[in-house]
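Please treat every number below as a calculation from the coordinates, not as lab data. Quick caveat, the model's predicted, so the values are computed rather than measured. Reconstructed Cβ throughout: ideal geometry from the backbone, glycine too, with neighbour counts over all protein chains shown.
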Amino acid sequence: MNPPGPLEKEDEHLSTPILGPSVHSDNPQERIQARRLRIAARLEARRREALGECLDGKKESEEDQSKSYKQKEESRLKLAKLLLCGTELVTNIQVATDIREIQRRVEEEEIKRQRLEKLENEVKTSQDKFDEITAKWEEGKQKKIAQDLWDMLNTQQLHCAGLIEDKNKLISELQQELKTKDDQYVKDLKKQADDICLLLERMEEQVKNVMKTFRQELSHIEKAYEVERQELLSSNKKKWERALQAHNTKELEYLVNRIKKVEEYEKQLSKQRIWDCEEYNTIKIKLEQDVQILEQQLQQMKATYQLNQEKLEYNFQVLKKRDEESTVIKSQQKRKINRLHDILNNLRSRYTKQIKQFQEENQSLTLDYKRLVMQFKELQRAMRHFALIDEEKFREIWLMNEEEAKDLIGRAFDVDRIIHTHHLGLPWTAPDFWFLKNIGPISQQPRKSATEIVEEVLMQTEEEGSEETMSEPESYLDLPKQVSAKTTRKVLMLLCDESGFLIESKLLSLLLPLEKSECYLLRLDAIFSALGIESEDDLYKLVNFFVKYRAHHLPSGQSVEKLPVEAGKKKNLSEGKQEVQSSPRLIHPNDVLKALEAFVMGLNKPRDPRTPLKKRKEVRDDSKDSEYWKALTMVIPPAKQNLWDALYTALEKYHLILTERAKLLLENDSLEQQNTELQMLLQQYLDSKINSELQVPPTQVFRVPTKEGSASKG
Amino acid sequence: MQDNLTPQLMPAFSRPSDTAQDQSTTGKATSTAPQPVNPTVLIPPIKSKGLNASNVRRMRRIIAEDAEWSLAIVPLLSELCIQHIVKNFQNNPVLKQLLPEHQQKVLDHLSPDLPLTVTANLIEDENYWRRCCAQRWVCHVARHGGSWKRMFFERHLENLLKQFIPGTTDPTVILDLLPLCKNYVRRIQVDQFLHPSVSAPPRDGDQSDSGSEGEMEEYSTDHYQLRDLVAGLKHLEELDLVYGVKDCGMNFEWNLFLFTYHDCHSLAATIKACHTLKVFRLTRSRVDDDKARILIRSLLDHPALEELDLSHNLIGDRGVRAAAKLLSHSRLRVLNLANNQVRAPGAQSLAHALAHNTNLVTLNLRLNCIEDEGGQALAHALQTNKCLTTLHLGGNELSEPTATLLSQVLSVNTVLTSINLSCNHIGLDGGKQLLEGMSDNKTLLEFDLRLSDVAQESEYLIGQALQANREAARQRALNPSHFMSPTTNGPENPAG
């Protein structure tokens, strides 16, 4: 890029557009022109470059793939081929040297092998020779004769010389070889230099070639583009001209047409004008007529208008008045509404007040109620308490009275007994009345629960087993009399065995270690609780049901036979032994469940255990009390009282007699006493010393005291 | 520069005309345009005067075209200052404090001969470094990542290393450069390491690489140790070394190409320590099995290494086995073992490693001797491998059995794009089988069968198949991209 370069180029560049204004021209105007043109061209070029070189190129390539594209492809292929061939040509040298090297290596190896072989052979032969020579030395030592020794030495020398010569020969051979190798090396160097030169040459040539062909191809392509462009230009120009021509002709045509049309329109216009004038006149006349008519109508309308106005005014007045009235009414209504609103509000407030009041009342009432309930409860408690106390007192009083009564009765009985035994001399038997055994107030015996009954039954039946003869147990006094204890027991056993499913399994496991009877008891308890049997009645119902059930289901003859048997059974238990045999056939175990089901269905009565219990507690049956007390008074029957009356009178009499007698006796006694006293006095007198002094004792005078002694004795 | 023009006559015309010049040249010229004009800018009055003298009328016109033209006979003060800064840049480098436009001017006029200690870390401008490079070498900036500065330092360091003679040259020459170039050097490419025993004369005179190494009597000791240098370069990615001498010609001595054990250990430690290294090349250095194993052991589990090139050495099966181990212990993408002494066992171990490798993309075994046994093993490995795209087996004494297996691979594998089987003994039948394999393949783009005894007909047919595949690949590449791009790129790229 030395300075002359651009100048030259510039010249070249500028020389081409000779036709246009030149910057080198002597005319300054022209120069300016030229420069302007140049600037414009450059700007244009830059713009095009910036805008859409790609676009242009693309368009071109798309439009005329035919020429430029073909040319490009062609040149590309050609260039690629050229490059390939060129590189191959260049690398051929390398390949050739490679193969030469390989050959050389092979040869070298061969030669090396041969040389080694040769050397080995040589070594071997020389060794042989050497051995020979050394062997001969030994021989030589044994030789005594000088002549022989000399000969031998000579031959040895010869041999040695031969050996050395061989070696020398070998050495010279090898040296020769080395020399040839050196030559070879020089040759190789030269060859290499040649090769390199060739390589360089080829490369240069290649470069040149490639450059040349590239330039060529470039020019080809450019040319192709140029041609294409020219073609395009010319075709476009032609097209343009054609279009212009067509445009011109068309323009002319249009002009002619226009002129024609103008004329036509002018004609039409004049025609139209005349016609319009006429029409205008006619219309004018018509319209004037119309105007007159309309004026008349207007007058009429005005008159009607006046009329209407008056009417309307009148209406307006009327309406105004009405309006006023309505406003008055409205105000009234408004006031009324206000008043009503006030009332409503008052009512509302009152209502709320009342609600509040009632709520308060309600609250206080509820409080009262609660208090009352509390009081009531307390009262109840007190009542219960007093009831208990009353009962206690009642009982105490009862007991006291009873005791008193019993005392009295006892005394009466004692008296009776004394009377009977002492006075009448009759044996006395104590009367046996139920009320005598009674202690405390008479009360209904509490109902026994089913289980207690069962227990009783079981115990009893067990006892029965041991005691053959058994008096009727007291507890059975109130049993329904159709069922015997045994039957009951059987039924219960059956039930216990058959309806084990009603018992909880836990309970069963607990029952295992218990006694048999206890076990039964507990089982039955569980079963009853499951069936809902609670009271004694229920239990007997059950037993009865079982019995009847069997009776129903047995053949009729047997049942008839059975029933009287059972009826009889209650009367005499000692007889029951025979019936026991029949009772095991009470009911078949398989039917137990059915019977049980039926029973449970039947038992499903509504139970209300609470109320009766309470009633029982409150009401005490005092009907028997008076009876009881009356009975107590009537312990001594009237017959006996009569007896007693009679006896009394008799005894009165007897007493009288006895008292008289007692009086007599007393007199007697006092007499006797006087007697004795007198006797004693006598004795005293008799026994006194004076008597002794006296010459004649009085004792001799009489014998009285002895006599008295025997009387007192008697 | 445009600021200067504002007071001028007809600025409107002068600007477009200026650009017109640029437009008339190639597209590239726009960027480079300021450079050729620069010298004239320095002394505008002279130019205008000279031209004035020649032709006033022409001058008048040229002035209109010239963006730099100025009526002022005395340059502006800023111009004078800039000139002064440029002149005294070595002693008083003032650059960052200037306005950007002035900076540009200063940079444009700085001499490329300024000492590196001044310029290295101060100047980032690519144009300056470009001038520096252009002054010293024929330049291919593309090889240095497109950065002129990087190129300058890399080439500079390379030259220094090439000229370094252990024992005679002062190592500080290189180490002094280290702080200046450590931010820019990414690659060290040294194709010769001089020998300590090499006598002085060849290199002090020659700037070029062609030192004619003369007499080497003594036995070599070791070469320059890269350790310190490499440790200092924090962006180093590529290491391309040849332990040998270039262009020895008839002065050949085996000693010149001796890569000693000490060198080897030192190099191994160096590359192990360099964690940024991506490419490691050690070619033409007579690396044998043991040295190769030492080097490869140091590369095991290297965090960055992607390419390993040990071509043109003496590596045998043991070294290759180590390389095969490396394949499974690194992220190696390219492995080049061309022109070594690999035989069948080595190829088998490579194949074993390759069978389940997922990193390696390129494998080059040119000019070895793996023979059919190794070739078959590799072919078996390729049936399971899903990564390798390029395989070079040229000159390996392969023959028909390998070709049979490879044809099976061709019909199965969908990754391979390039295979080279040149210089083998594939034979006519083998060629036919390869052709069969090719008929099922849709991905292979290159298949070199030159000089491998294949019938011309099959080679031609294979070429046709490759052509079709290439077309298909091109279509595939085109479809996602813009429609226009290939048509415009196609002819222009090679031309430019």
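Peptide packing: for A:417-423, A:268-274, the average count of neighbouring Cβ atoms within 10 Å per residue gives the ranking A:417-423, A:268-274, highest mean first. FRET efficiency for the A:Ala650 to A:Arg411 pair, using the beta carbon distance and R₀ = 22 Å, is estimated at 0.55. Neighbouring Cβ atoms from other chains, within 10 Å of the Cβ of residues in B:420-428, number 2 on average.
For the listed peptides B:426-435, A:640-649, A:660-669, A:30-39, a ranking on the average number of other beta carbons within 10 Å per residue, highest first, reads B:426-435, A:30-39, A:640-649, A:660-669. Per-residue mean of foreign Cβ neighbours for A:124-136 is 0 (Cβ atoms of other chains, 10 Å radius). Placing pseudo-labels 7 Å out from each Cα toward the beta carbon at A:Lys239 and B:Leu300 gives an inter-label distance of 7.6 nm.
The stretch A:282-330 and the stretch A:506-532 have their alpha-carbon centroids 120 Å apart.
For A:Val600 and A:Thr633, a Förster radius of 60 Å and the Cβ-Cβ distance give a FRET efficiency of 0.70, rounded to the nearest 0.05. Using only Cα atoms, locate the centre of the stretch A:126-169 and the centre of the stretch B:291-314, then give the distance between them in Å, rounded to an integer. Each part reduced to its Cα centre gives a spacing of 59 Å.
A simple rule links phi to the HN-Hα coupling: the Karplus curve 6.51 cos²θ - 1.76 cosθ + 1.60 with θ = phi - 60°, which for the stretch A:321-336 gives 4, 4, 4, 4, 4, 4, 5, 4, 4, 4, 5, 4, 4, 4, 4, 4 Hz, with x for Gly and Pro. Of the peptides B:274-287, B:161-174, A:374-387, the ranking by mean beta-carbon count within 10 Å, highest at the top, reads B:274-287, B:161-174, A:374-387. Taking label positions 7 Å along the Cα-Cβ direction at both A:Ser670 and A:Ser172, the computed distance is 23.0 nm, reported to one decimal. Here the contact order of the stretch B:393-470, divided by its residue count and restricted to Cα pairs under 8 Å and six or more residues apart, works out to 34 percent.
Taking amide hydrogens as placed 1.01 Å from N in the peptide plane, the amide H of B:Glu446 sits under 5 Å from those of B:Ser418, B:Ile419, each at least 5 positions away in sequence or on another chain.
Cross-linked pairs A:Lys67/A:Lys212; B:Lys386/B:Lys442; B:Lys162/B:Lys182; A:Lys143/A:Lys169; A:Lys437/A:Lys624; B:Lys182/B:Lys291: Cα-Cα separations exceed 24 Å for A:Lys143/A:Lys169; B:Lys182/B:Lys291.
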